[in-house]
Amino acid sequence: MSETWDEMEARHAQERREMIARIAGDIVAEKVAALEGVPLGEMDLITAQVAGRAGLSIKALRSPSRTREIAHARQRAYLILHDAGYSFPQIGRYFNRDHTTVMFGVKRERERRRADEAARVEGMADGVAAE
């Protein structure tokens, strides 16, 4: 017996929720269930992963909030999306931001990553010097 259209849509919706849960890992079941019926693309999946790791929702990342926690997570998403091949204007439209805001966010996230790496290397050097 073949699957009806409604059964196929329900199966695909369930598969999308499971894929998001697998990718995002940290997103709690309620947040995944809240995405039911929402068509999800690659940008949504990447944003869900960043949001889940930060303990936030996609809605929070796409909100106008400028709190440090949300802004830094949003900037991580900008960088990952840009590295995935999305243009600054595409990312800006997705987050309802100007493309120059996205460019600045990518620059800031790269600076934070460089500073984190430098601190990690310095910490390793200190550990070697102490021995």
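Here, each number is a calculation from the coordinates, and none is a lab measurement. Fair warning: this is a prediction, and the values are worked out from it, not measured in the lab. Quick reminder, even Gly has a Cβ in these numbers, built from the backbone with ideal geometry, and neighbours come from all protein chains shown.
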List, in order, the whole-Hz ³J(HN,Hα) value for each residue of region 98-114 obtained from phi through the Karplus relation with A = 6.51, B = -1.76, C = 1.60 and θ = phi - 60°; use x for Gly and Pro. 5, 4, 5, 5, 5, 4, 4, x, 5, 4, 4, 5, 5, 4, 4, 5, 5
Assuming 0.36 nm per residue, please report the length gained on full extension of the stretch Met19 to Thr100 beyond their Cα-Cα distance. 26.0 nm
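Packing-wise, with mean Cβ within 10 Å as the measure, how do 110-120, 54-64, 72-82 rank, highest first?
On the way: 110-120: 10.8, 54-64: 17.1, 72-82: 22.2.
Final packing ranking: 72-82, 54-64, 110-120.
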Using each residue's phi in region 82-88, evaluate 6.51 cos²θ - 1.76 cosθ + 1.60 at θ = phi - 60° and report the 3J(HN,Hα) Karplus result to the nearest Hz, with x for Gly and Pro. 5, 5, 7, x, 7, 7, 4
Sites Asp83 and Ala10 - FRET efficiency at Förster radius 35 Å, r taken between beta-carbons, to 0.05: 0.55
